[in-house]
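The values are calculated or read from the model by the stated rules, or taken from the named source; none is laboratory data. Not measured: the values here are computed from a predicted model. Counting neighbours? That spans all protein chains shown, and the Cβs are built from the backbone with ideal geometry, glycine included.
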Amino acid sequence: MVFGHVGDQNELVQAYREWILEQGLEGCSLLERKDGAIDITGELVRGWVNFYDINDACIVELRLERVLDSEPAFFLHFELEDLTRAQMLFDEMASVVYDLNHHQTRQILLCCSCGMTTMFFADKLNEYAMSLGLDYEFSAKPIEEAEREGSKYSAVLLAPQVGYQRKAVAQALPNTPVIELPGKVFGSYDAASALRIVVDVLSGSRTPIDDTQIRSMRDFDKTKRVLAMSYIYRKDEPTLSYRVLDKGKIAASGMLVRRTFDSQTLEDMKATLRLKGWKTDEFDAVGIAVPEMVDDGIVVRMRDEGGADHHDMRASIEELWNTKVYVDHNTTAAAVGCYVSQDEYENVAFHAQTIGVPGGEEGYVVEGRPLVGRSGYSGHLRPLANSFSLQMDLEDAAWRVDGMCELVARYITSLACTIAPEAIYVWCDLLPHMDDLREELEKVLPPAAIPELKEITDYDGYVLLGELALCLDRLAQ
């Protein structure tokens, strides 16, 4: 329940509440309600500080969302035990408010052979961005203006008919992303897809769209209680998404959104679960999917200057939560999620390709079993990309529609000649239609060797589904 005038009985809660009200938030008004919670009201953000009494412990909820689209900007639960840490977390939320209040509108330049062709599309993009409350403003100019004016913009979008000039424009604008729009997006004036591409590139992350309803799950044990987590970057923020499977049914799902991800974040997840009625030691298993390489529960993070850092994430969480823990690479979990969501294929692969990044990542399920390889290295493809001989520069290809199509086709060709999956699920916004990818594959592969090509958009949803399945499968062994 929410604390009601709990400050009279709990000095720590009252001290924290008083400190928050005295501290304030830039551009926001703070109002203490009769039940002791605090409402946060601003022009761009709204939020809440709620206090919950769970078995004589105080769980604090710090919640912040954008006014125009109700998107979460900060969301966290933690047990109030130390005033200093509680103040640090509120300061972290305050920094999010500051960034939102001082965020500058991002100017995007849209170019084609003549400015008239793109003016209508730019208008549609502006209308769509405004409807979502996103601070993007699109302008249309001829391609001749790109090199001279492009540095003034956050990004430059090229229509398909001038996509061949991407490399020259990019060389002239080394600090500005230059993106070729897919023909299916530009030709249909698909403002939603174009805007998603821009947001993905400028945020440095690939954010999944709204969770889709996954079909059936194969042979899930209906007696187990399992927690799956997916650690990703969402709009530049580390996000820990979670899903609870309780006796065959999805019982809860959500996310933690904050500026950092560390061992304390797991304590905060523990507080979130307690608030929803679960104790971590009551789960039969916990699975977490991470973007780094995983070797038997050891997370291996490669350094830019060479070498690697190793962290025994499995042991750390098992000690902290007192339950069985499994750690997997996110594309392995995604491949398993694709596998259990259908009943047609026994051999499937998942390919993820980020705009502007030549090195893709893959996950594999062979004869119903995930394949991770020696030291968990299977599916990390950048060294393979370095061996490709493409029609254009490798780094340039990852920004071009035709280049991305050729790049992904090379990966799939390698896959078709080795594992030979029946189907491959592809996650990449910059690709044209799957038929275009098939045409590229037909240049080098006989039709019978080309796997079924499945386009997906909900990366995180498949990761969580696959992590649940992996946990249940391991418990059954």
| If R46 satisfies every condition in (1) in contact with a Cys (Cβ under 9 Å, 6 or more places away or on another chain); (2) surrounded by fewer than 15 Cβ atoms within 10 Å (Cβ to Cβ); (3) of a type outside the set (F, W, Y); (4) not in a loop (DSSP other than H, G, I, E, B) but one, which is the exception? | (2)
| request: Filter segment 439-453 for residues that are closer than 19 Å to V348 by Cβ and either crowded, with 18+ Cβ neighbours inside 10 Å or of a type in the set (S, T, Y) (or both) and give the result. | output: L441, I450, P451, L453
| query | Applying the selection to segment 271-288, what residues are in contact with a Phe, Trp or Tyr (Cβ under 7 Å, 6 or more places away or on another chain) and in contact (Cβ under 8 Å) with a residue 60 or more places away in the chain? | reply | A271, L275, A285, V286, G287, I288
| said: So, L431, is that one in contact with a strand residue (DSSP E or B) (Cβ under 9 Å, 6 or more places away or on another chain), outside the structural domain of P182 (by TED's automatic domain parsing) and assigned to a loop (DSSP other than H, G, I, E, B) or not? | reply: yes
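Would you confirm, using the coordinates I've provided, whether A122 is assigned to a helix (DSSP H, G or I) and out of contact with any helix residue (DSSP H, G or I) (no Cβ under 8 Å at 6 or more places or on another chain)?
Working: assigned to a helix (DSSP H, G or I): yes; out of contact with any helix residue (DSSP H, G or I) (no Cβ under 8 Å at 6 or more places or on another chain): yes.
Taking the combined requirement at face value, the residue satisfies it.
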| request: Determine the pairs where a residue that is farther than 17 Å from V294 by Cα and assigned to a loop (DSSP other than H, G, I, E, B), located within segment 230-241, has a partner that is β-branched (V, I, T) and modelled with pLDDT under 90 with Cβ atoms under 8 Å apart, the partner being 6 or more residues away or on another chain. | output: K235/V199; K235/T207
| message | List the residue pairs whose Cβ atoms are under 9 Å apart, where the first residue sits in segment 143-171 and is under 21 Å from V199 (Cα atoms), the second is surrounded by 20 or more Cβ atoms within 10 Å (Cβ to Cβ) and of a type in the set (S, T, Y), and the two are 6 or more positions apart or on different chains. | response | S154/Y136; L157/T118; A159/T118
| request: Please specify each residue of segment 176-194 satisfying the condition of being closer than 17 Å to C111 by Cβ and not in a strand (DSSP E or B). | output: T176, P177, L181, P182, G183, V185, F186, G187, Y189, A191, A194
| field | Entirely in segment 371-418, the helices (runs of 4 or more DSSP H) that have 3 or more residues that are in contact with a helix residue (DSSP H, G or I) (Cβ under 9 Å, 6 or more places away or on another chain) | value | 394-397, 401-416
| task | Would you check which residues across segment 404-421 are touching a residue at least 60 places away in the same chain (Cβ under 8 Å) and either within 18 Å of T331 (Cβ to Cβ) or β-branched (V, I, T) (or both) and list them? | result | Y411, I412, L415, I419, P421
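Of the residues that sit in segment 52-93 and are among the aromatic types (F, W, Y) and over 23 Å from G27 (Cα atoms), which one is surrounded by the fewest Cβ atoms within 10 Å (Cβ to Cβ)?
Applying the first criterion (among the aromatic types (F, W, Y)) to segment 52-93 yields 52, 74-75, 78, 90.
Now drop any that are not over 23 Å from G27 (Cα atoms), which leaves 52, 78.
Working: Y52: 19, F78: 24.
Checked segment 52-93; the qualifying residue surrounded by the fewest Cβ atoms within 10 Å (Cβ to Cβ) is Y52.
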| query | Can you tell me which residues in segment 244-280 are in contact with an Asp or Glu (Cβ under 8 Å, 6 or more places away or on another chain), in a strand (DSSP E or B) and buried (at least 16 other Cβ atoms within 10 Å of the Cβ)? | reply | L256, V257
| said: Condition first: outside any strand (DSSP E or B) and either of a type in the set (D, E, K, R) or in the same structural domain as V45 (by TED's automatic domain parsing) (or both). Now tell me which residues in segment 125-146 satisfy that. | reply: E127, D135, E144, E145
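Yes or no, residue by residue, for (1) hydrophobic (A, V, I, L, M, F, W, C); (2) in a strand (DSSP E or B); (3) under 21 Å from the mean Cα position of the chain (by Cα):
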{"position": "C58", "(1), (2), (3)": "yes, yes, no"}
{"position": "L62", "(1), (2), (3)": "yes, yes, no"}
{"position": "S70", "(1), (2), (3)": "no, no, yes"}
{"position": "F74", "(1), (2), (3)": "yes, yes, yes"}
{"position": "H77", "(1), (2), (3)": "no, yes, yes"}
{"position": "E81", "(1), (2), (3)": "no, no, no"}
{"position": "A86", "(1), (2), (3)": "yes, no, no"}
{"position": "F90", "(1), (2), (3)": "yes, no, no"}
{"position": "M93", "(1), (2), (3)": "yes, no, yes"}
| note | Residues of segment 319-334 being crowded, with 24+ Cβ neighbours inside 10 Å, outside any strand (DSSP E or B) and touching a helix residue (DSSP H, G or I) at 6+ places or on another chain (Cβ under 7 Å), in sequence order, are N330, A333, A334
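In this structure, does G461 turn out to be of a type in the set (G, A, S), surrounded by 18 or more Cβ atoms within 10 Å (Cβ to Cβ) and in a strand (DSSP E or B)? Walk me through it before giving the result.
Working: of a type in the set (G, A, S): yes; surrounded by 18 or more Cβ atoms within 10 Å (Cβ to Cβ): yes; in a strand (DSSP E or B): no.
No, not satisfied.
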| Are any residues in segment 41-54 of a type in the set (V, I, T) and either within 15 Å of Y16 (Cα to Cα) or under 27 Å from the mean Cα position of the chain (by Cα) (or both), and if so, which ones? | V45, V49
